[in-house]
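Enquirer: Quick one: this structure, given as structure tokens, is what I'll be asking you about.
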Amino acid sequence: MAFGSNTLDVSVWRGDADGGKFESFQVPSQESQTILDVVVWIQQKIDPSLAYRYACRVGMCGSCAMSVNGQPRWTCRTHVQKVLRGRRVEIAPLRNLPVIKDLATDMDPFFEKWVRAEGVFHPTLTRNDEIARVSPVDQRRVEADAAVECINCAICYASCDTVQGNPDYLGPAALNRAWTLVNDVKDGKRSSILEAVSQEGGCHNCHSQGSCAKFCPNELSPITSIAGLKRETTKSFFGRG
Amino acid sequence: MLTLRLFILQRVTALIMAPLVVGHLALMIYAIRGGLSTGAILARTQGSWPWALFYGTFVVAVSVHAAIGLRVIVGEALKFRGALLDVLSLAFCAFLLIAGLRAVLSVTML
């Protein structure tokens, strides 16, 4: 295809865990085109071996996150026109995660840290009990609500310089999840969660740089959740929480 | 790298240092404005338990605070972990303690 004003010059990272390099593709520019549209076009029209991951295409599933011009983004909701540099755009796999192939990263370390942070619900009732009533204006519920809409896209994790410097660090998403459970009155293991996030690699390693909140596509603030965890673990240490 | 205990220790030492730094700055400004000589300053500090306690506390707080901070920097930048990181942190803390307390003793007691 001829390279003209209606063509995008797209650099796509190709490779695997052992390394790789950027490969250039010319893709026709279209109105309201997203980065995911560009990747799909390349895979369907030029190179069917291009590996990437997506599912819902509407910003709900959190599976299509990639690095676009060096910044982590949800590609299905990122318009090409908003990130284009001249006619160029660079697409790479998310930072801080092992690459499986091309643009697809291995999410195992990311979700393993959710488990390490006790980011799992610990029920106290059975299906035979009455449903617990939680007031939407209860302060703890308000705190949990502010953090609960995470779609597990790992954009915050990829943007976090602390994760890059300290691979043991649980990361913003896992700690944000832990914070929602700390504030869930129906969760039965609040102290276990506080203990889990206080270990090596826990919430106290956060440098409060705030990349997580800057890049979160759902406009959540994991840094606020982590500050809450620091506060509650400290209170707990002094026997006041 | 940072556990809850180290995090609290670093925050508590910061709380201790804050008023001591303000006190030290106020003292320096007072000493310079009044035109006190080194001899005059030493005459006031020699044998003074309050000044020994003031600067001794500061040295202890700085040693703990800085060692924890350096631990994080070394851990993230050089990827040191485990016993090596513990030994380095403790060695730096000990160095600051010895150097700082030696200076405090020189000015107040010796």
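Enquirer: Write out the GluC sites (Glu not before Pro) in the stretch A:1-99 meeting two conditions: DSSP loop, and at most 14 other Cβ atoms within 10 Å of their Cβ.
Expert: Within the stretch A:1-99, the qualifying GluC sites (Glu not before Pro) (loop, at most 14 other Cβ atoms within 10 Å) are A:Glu31.
Enquirer: Counting only DSSP beta bridges with both residues in chain A, tell me the antiparallel percent, nearest 5.
Expert: 85 percent
Enquirer: Give me a single rounded figure for A:199-206: the average over its residues of other chain Cβ atoms within 10 Å of their Cβ.
Expert: Averaged over the peptide's residues, the number is 5.
Enquirer: Something else: What base-10 log of the normalised intensity I(q)/I(0) is obtained for chain A from the Debye formula, alpha carbons as equal point scatterers, at q = 0.10, 0.11 Å⁻¹?
Expert: Cα-only, vacuum Debye calculation for chain A: -0.54, -0.63.
Enquirer: I've got another one for you. Give me a comma-separated list of calculated 3J(HN,Hα) values for the stretch B:96-110, in order, Karplus coefficients 6.51, -1.76, 1.60 applied at θ = phi - 60°, integers in Hz, x for any Gly or Pro.
Expert: Calculated HN-Hα couplings, in order: 5, 4, 5, 5, x, 5, 4, 5, 5, 4, 4, 7, 10, 10, 8 Hz.
Enquirer: If I build a Gaussian network model for chain B, linking alpha-carbon pairs within less than 10 angstrom, which residue out of B:Gly100, B:Gly35, B:Gly75 has the largest mean-square fluctuation?
Expert: B:Gly35
Enquirer: Still on this structure, please answer the following. Under a GNM of chain A (C-alpha, springs under 10 Å), which listed residue has the highest mean-square fluctuation: A:Ile131, A:Ile226, A:Ile151?
Expert: Greatest mean-square fluctuation among the candidates belongs to A:Ile131.
Enquirer: Here's another thing I want to ask about it. What pairs from A:Lys45/A:Lys214; A:Lys235/B:Lys79; A:Lys101/A:Lys230; A:Lys82/B:Lys79; A:Lys189/B:Lys79; A:Lys45/A:Lys82 go past 29 Å between their alpha carbons?
Expert: Pairs exceeding 29 Å: A:Lys45/A:Lys214; A:Lys235/B:Lys79; A:Lys101/A:Lys230; A:Lys82/B:Lys79; A:Lys189/B:Lys79.
Enquirer: In whole angstrom, how far apart do the alpha carbon centroids of the stretch A:87-136 and the stretch B:58-103 sit?
Expert: 35 Å
Enquirer: With a 10 Å Cβ neighbour count serving as the proxy for reagent exposure, in which order, fewest first, do A:Ser236, A:Ser225, B:Ser63, A:Ser192 appear?
Expert: A:Ser192, A:Ser236, B:Ser63, A:Ser225
Enquirer: Quantify how strongly other chains surround peptide B:2-13 by giving the mean number of their Cβ atoms within 10 Å of each of its Cβ atoms.
Expert: 5
Enquirer: Compute the Cα gyration tensor for the stretch A:124-182, then decide on rounded, prolate or oblate, letting a ≥ b ≥ c be the square roots of its eigenvalues: rounded whenever a/c is under 1.5, prolate when a/b is larger than b/c in the other cases, and oblate in all that remain.
Expert: prolate
Enquirer: Looking at A:Tyr54, A:Ser191, B:Ile8, which one has the Cα that reaches farthest to the positive end of the dipole of the protein assembly as shown (charges on Cβ: Lys, Arg +1; Asp, Glu -1)?
Expert: With unit charges placed on the Cβ atoms, the residue in question is B:Ile8.
Enquirer: From the square roots a ≥ b ≥ c of the eigenvalues of the alpha-carbon gyration tensor of chain B, which class results: rounded (a/c under 1.5), prolate (a/b over b/c), or oblate?
Expert: Here chain B falls in the prolate category.
Enquirer: With a ≥ b ≥ c the root eigenvalues of the C-alpha gyration tensor of the stretch A:1-68, is it rounded (a/c under 1.5), prolate (a/b larger than b/c) or oblate?
Expert: oblate
Enquirer: Mind checking the mean number of beta-carbon atoms from other chains within 10 Å of the Cβ atoms in B:71-79?
Expert: 3
Enquirer: Taking only Cα atoms and a 10 Å spring cutoff, compute GNM fluctuations for chain A and point out the largest among A:Arg87, A:Arg127, A:Arg231.
Expert: A:Arg127
Every number in this text was worked out from the coordinates using simple rules, so none of it is lab data. Everything numeric in this text was worked out from a predicted model, so none of it was measured. Virtual Cβ from ideal backbone geometry, glycine too; neighbours counted across all protein chains shown.
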